[in-house]
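The structure appears right after this line, and notes come after that.
The values are calculated or read from the model by the stated rules, or taken from the named source; none is laboratory data. Being a predicted model, the structure only gives us computed values, none of them experimental. Cβ placement follows ideal geometry from the backbone for every residue including glycine, while neighbour counts extend to all protein chains displayed.
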Amino acid sequence: TYIALLITSPYLIYLIIYAINDLFNNGNMALIASVIPGIIPIFDILIVILFSSVINSSASTLISNEKYMIRICKIIPVSYYKQVIAKLLVPFILGTLSLLITVITLVSTSLISFTNGLISFTLALFLVLSNLIFGVYKDLKKPNFIDNSNSNNLASGVLYCLIVPLIILLIDLIIILIFYGFKIDATNLFTICIVIDVVIVFILFISSLINIKRKVDRYFNLIEVN
């Protein structure tokens, strides 16, 4: 399922962004797009990071999926932190490849500009990495080696991947509404939103990386091996 989502995500994201752009340009939302500058590219970018984040939420069960093989992780002469990073490499590389194909598709079909494509790729890349680290941290904190579904950890990972982009969207909309009264042009308003988005994503990435590096040994040692 994960591989299937990665393969189909460029096409799915393309269809969604095409529909949203058409709605804002020709549909009932055209008035909003004319009143609120910069709303279309912001929505396009957030669609990319939203779907990229959710699709890569599989890390929420990386530790639990080890099952009884976790005992090997506890005895091999490799630090727990390096083992976690190694486990993240495969989903991160696959997710990055899918994201790159998505952005190339959107830019080559002129749905988004090259600049917005670069912004989308950068934001989504760091947010996906942050989400992967968060998912592994949650799973490491409370692994499930018995229930094959791992539904709780997966649900929390997906929820986190949904909430973060939606919060970013809400912040962007608030910024647009606040600064719109100052008659700031669309380019400057868009730049303000993107700078704030980059700061938010970078803080999430750094905090998640520091958090798991500090606590990975503790939670690995708490895992009981039968």
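Scanning the range 192-225 for residues that are modelled with pLDDT of 85 or more and of a type in the set (S, T, N, Q) yields S207, S208, N211. Only a single item in (1) surrounded by fewer than 21 Cβ atoms within 10 Å (Cβ to Cβ); (2) within 23 Å of V198 (Cα to Cα); (3) modelled with pLDDT under 85; (4) of a type in the set (S, T, Y) is not met by T96, and it is number (3).
Checked against the criterion of being modelled with pLDDT under 85, surrounded by fewer than 18 Cβ atoms within 10 Å (Cβ to Cβ), of a type in the set (D, E, K, R) and more than 21 Å from M69 (Cα to Cα), the range 176-183 has at least one qualifying residue.
Does at least one position in the range 69-83 carry a residue that is modelled with pLDDT of 80 or more, more than 30 Å from I174 (Cα to Cα), surrounded by 13 or more Cβ atoms within 10 Å (Cβ to Cβ) and not aromatic (F, W, Y)? Within the range 69-83, one or more residues are modelled with pLDDT of 80 or more, more than 30 Å from I174 (Cα to Cα), surrounded by 13 or more Cβ atoms within 10 Å (Cβ to Cβ) and not aromatic (F, W, Y).
Each row is one residue, and each column tells you yes or no for (1) modelled with pLDDT under 85; (2) of a type in the set (G, A, S).
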position	(1), (2)
A30	yes, yes
V35	yes, no
F51	no, no
V54	yes, no
A59	yes, yes
K87	yes, no
